[in-house]
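Inspection log for the structure reproduced underneath, given as C-alpha cells.
The values are calculated or read from the model by the stated rules, or taken from the named source; none is laboratory data. Computed from a predicted structure; not experimentally measured. Cβ placement follows ideal geometry from the backbone for every residue including glycine, while neighbour counts extend to all protein chains displayed.
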Amino acid sequence: MSIPSWSATLIGSIAAFCTTAAFVPQVVRVWRLKSSEQISLTMFLVFSVGTLAWLVYGLLIRSDPVILANGVTLGLSLTMVSLKVNYDRRTRRTTG
C-alpha cells in the first residue's frame, strides 16, 4: 500500500504547523512578563542547533514543510535565546 505524495506532504505540513505553533505561546509569555527566569538557556541553545540541522536537512532534501517549519521554529527559538540573555542581563544589573 502506497501513500500518495500529496498526503505525506499534508501530514508533514500539519505536523510542522503544530510543532512550530507550540512555541508561540512561550515566546509571547516571556515577552509579556519581561522575565525568562524559568527558561533554560542551554535547552534553547541546543534546540536551536538541532533546529538549524533540521533546516539544513530540509534544504538538502527539498522538503517545503521541513524547511518552512524549521525556519520559523529556529526564528522563535533564537528569539527565546535573545530574550533570555537580555532579561537575565537586566536582572543581574538591577540586583547585582
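Below are the figures for this structure:
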read-out: Any hit, the range 25-46, residues being basic (Lys, Arg) and at pLDDT below 90; value: yes
read-out: Count of residues meeting criterion [surrounded by 14 or more Cβ atoms within 10 Å (Cβ to Cβ) and more than 13 Å from the chain's Cα centre (by Cα)] in the range 10-24; value: 2
read-out: Conditions (1) in a helix (DSSP H, G or I); (2) touching a Lys or Arg at 6+ places or on another chain (Cβ under 8 Å); number of the one not met by Val49; value: (2)
read-out: Count - residues of the range 8-30 that are closer than 17 Å to Pro65 by Cα and free of Cβ contacts under 8 Å to residues at least 12 places away in the same chain; value: 7
read-out: Answer residue from the range 25-45, given it is among the β-branched types (Val, Ile, Thr) and surrounded by fewer than 12 Cβ atoms within 10 Å (Cβ to Cβ) and is farthest from Arg89 (Cα to Cα) among those; value: Val28
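Each row is one residue, and each column tells you yes or no for (1) under 16 Å from Ser13 (Cα atoms); (2) in a helix (DSSP H, G or I); (3) of a type in the set (A, V, I, L, M); (4) more than 16 Å from the chain's Cα centre (by Cα).
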{"site": "Ser35", "(1), (2), (3), (4)": "no, no, no, yes"}
{"site": "Leu45", "(1), (2), (3), (4)": "no, yes, yes, no"}
{"site": "Leu55", "(1), (2), (3), (4)": "yes, yes, yes, no"}
{"site": "Pro65", "(1), (2), (3), (4)": "yes, yes, no, no"}
{"site": "Val72", "(1), (2), (3), (4)": "yes, yes, yes, no"}
